[in-house]
Every structure is written in C-alpha cells, then in structure tokens.
1. If R0 is 41 Å, what FRET efficiency do you get for N134 and L156 from their C-beta distance, rounded to 0.05?
2. In square nanometres and to one decimal, what's the mean projected area of the convex hull around the Cα atoms of the range 3-62?
3. Report, in debye and to the nearest 20, how large the dipole of the range 130-270 comes out about its Cα centre when Lys and Arg carry +1 and Asp and Glu carry -1 on their Cβ.
4. Given a Förster distance of 22 angstrom, what is the FRET efficiency for E296 paired with Q232, based on the Cβ-Cβ distance and rounded to 0.05?
5. With unit charges on the beta carbon (Lys/Arg positive, Asp/Glu negative), name the residue among S32, I287, Y214 whose Cα is farthest towards the positive pole of the charge dipole of the chain.
6. Compute the angle between helix 99-109 and the longest alpha-carbon principal axis of the chain, please, reported from 0 to 90 degrees and rounded to the nearest 10.
7. What's the angle, to the nearest 10 degrees (0 to 90), between helix 75-87's Cα axis and the longest principal axis of the chain?
8. Is the shape of the range 227-287 rounded, prolate or oblate, going by the alpha carbon gyration tensor and its root eigenvalues a ≥ b ≥ c, with a/c under 1.5 for rounded and a/b larger than b/c for prolate?
Amino acid sequence: MKKVERINIIMRYINNRAHFTISEIMQEFNISRSTAIRDIREIEAMGMPLVAEVGRDGGYFVMQNSVLPVVRFTDNEVKALFIAFMATRNQQLPYLKSRQSLAEKLLGLISENQQEILVLLNQLLLFEGTNPHNPDLLELSDLPHPMLERLIQILLLDRYLFITIQEETVIKSYPIYLLQLYHERSLWLIEGFDLQEERKHIFPVDKLTHIEPYSAEKRPSKKRILEKIRKQEEGINLVLELGPKAIAQFKKYHPLKVSISYTNPYQTTAILKTFINTTMPKELEEITNWLLFLGEDIKIKEIPEEILKGIQNRVDLYTP
C-alpha cells in the first residue's frame, strides 16, 4: 500500500473511533512503530485535531466539537483562477479532456453570486485560439499529441528514457535523460541529454512513436550527467538576459537548438546560454540578424567578438 493511500485510510479509521493507540494502528495496518508515529504526526500536521493521553494506557482521541475552517476563495482569487483556466483553452495541454469535470468541481465550490460573475466573464473574455461561437468546444487541432500524456506518466516515475523519433523518412532511437519538457510556439519539446552522444538535444513530442524506460544496467548516474553538462557549458560564449519583449520575440523565432531558462516564477525574465561556432560565416550572420530581431529588451553578458562587430557594422549602416 502506498503511503498516501495508507494515510487516507488511517484518517478514516481514526475518525470512526473515539480512542485509539499506536499499537492498534501498528496491528491494523501492519506497520512499524516508527512508521505509525510518523503517519500520526503527518495527520496532525494536516489539521486533524488529535489529543494525546499520557500514561500506560494512553493513546489518542479526536478533539470533540472541533471543526477545521473551510477553505474559501476570495472574489479576486476566484476570478484569477477562472481566467487562468480560460486562458489555457485550445493550448494542446495534457489531460485536456478533464477540463469539463474540473470546471464543474470549481463551480461547485463557490457561491451562486460568484458563479454568476464567472458566467459573465465567460461571455466577455475571448482568448486567442478559442472558438468564438463556442469557447468550450474542443476541436481536433486543440488536442495534444497522444504520446504527451504517456510521456508525462513515465517521466514522473523515471527520467531515463528510450525514445523513438520519426525523422522524415527515417526512424531513430535515442537513450536520453530528460532535463525539461516545455511548450513553445504551439509545440511540446523535450530537452534531453543524449546518453550516447553525451550532449544536450531537443526532440519534438509530436515526432515520438515510442517511449519506454531506459535499461537500468546502462544508465550513467545523474551526477555524472550533470557534470558532463557543466563541463560542456564551460565552453559557452553567448550569454543573454531576456526581458518580456525579448522572450516574446524568442518564442516567435530562434535559430538555436537551445531553450531559455526562466529566472522568475512569472516567466517574464530568462537567461540563454549557448556556444556559437565563430568559424562558420553563415551561422555568424544568422545569429547577428537574430540578435537584432530580439530587440532592445536584452542584456548581453557574454558574446563572441565576431558577432559584436557584426552588430556594430549593422548599426553603423543605419546611423545618419
């Protein structure tokens, strides 16, 4: 029995008895004394009003006439939650089919007055990508790739994966350690460490044809993987800090096979670190154009001299 399931059953067991002891919990659930005490402490921390009785025949009982405060949402919290919920429509999110039951449960938690406000908000607000005639309608184009949910289910248990990708007419398989799963430009992407080539690689989820946990016998340790990544990052020669406008531009287009790392919970600032091969003129020109495309909402922390000169030459051309 899993710990969460056991604690839920113990809570029901306790709630149906006027008095209980640690020994009874040990015997009923076939657990050790230390585990029983630890579970009881967790149940107390969750808010169940238990009172301990000292003595040879001591134990616990639930405090009578004690009612835990009901969790209530303020008007602004309800609006914020509902608007955030609306904004995620038609975004190819995992578990999208559960939206209807989530909406029904949310409405069941709030007052009739708050429900009326949400109905009005639902009529007034329309987000990009929603159906103007029926915002709640899920179309085929809204549903995520069927592999996405399976990928999440596996990686919650194990981040060492063996994935198969359909690349045009070729099918390739990769053993990877998953670093991040993220959504960008209407695509779900895997940033993983390729265990064979020993480097970071980005894989589109919609190209996945098969996923399974990677063989435990062939896995390098997480410590070794992170050490490899750290050593590779020592060769980084382009470091940018991006503000909200630059992040929006990055999402529209970027020629680099790297992802940005957000530096605050609101995803309004980010940092980009990568290596640019300065011996390839075409790549240098493309990166120069792209940096100008990002606009003024960037701070350059580190940049190859060749790219900096290219940017300065472009600026000089437009200087009267």
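FYI, it's all coordinate maths here, none of it is from the lab. Nothing here was measured: the structure is a model prediction, and the numbers come from that model. Here the Cβ is made from the backbone with ideal geometry for all residues, glycine too, and neighbour counts use every protein chain on show.
1. Working: r = 33 Å, r/R0 = 0.81.
Once rounded, the FRET efficiency stands at 0.80.
2. Details: hull surface 15.1 nm².
Answer in nm², one decimal: 3.8.
3. Values: 19 positive and 19 negative charges, 115 e Å.
It comes to approximately 560 debye.
4. Values: r = 30 Å, r/R0 = 1.38.
Efficiency for this residue pair is about 0.15.
5. In the chain, that residue is S32.
6. It is inclined by approximately 50 degrees.
7. Approximately 50 degrees, to the nearest 10.
8. Working: a/c = 2.69, a/b = 1.26, b/c = 2.14.
Oblate, since a/c reaches 1.5 and b/c is not below a/b.
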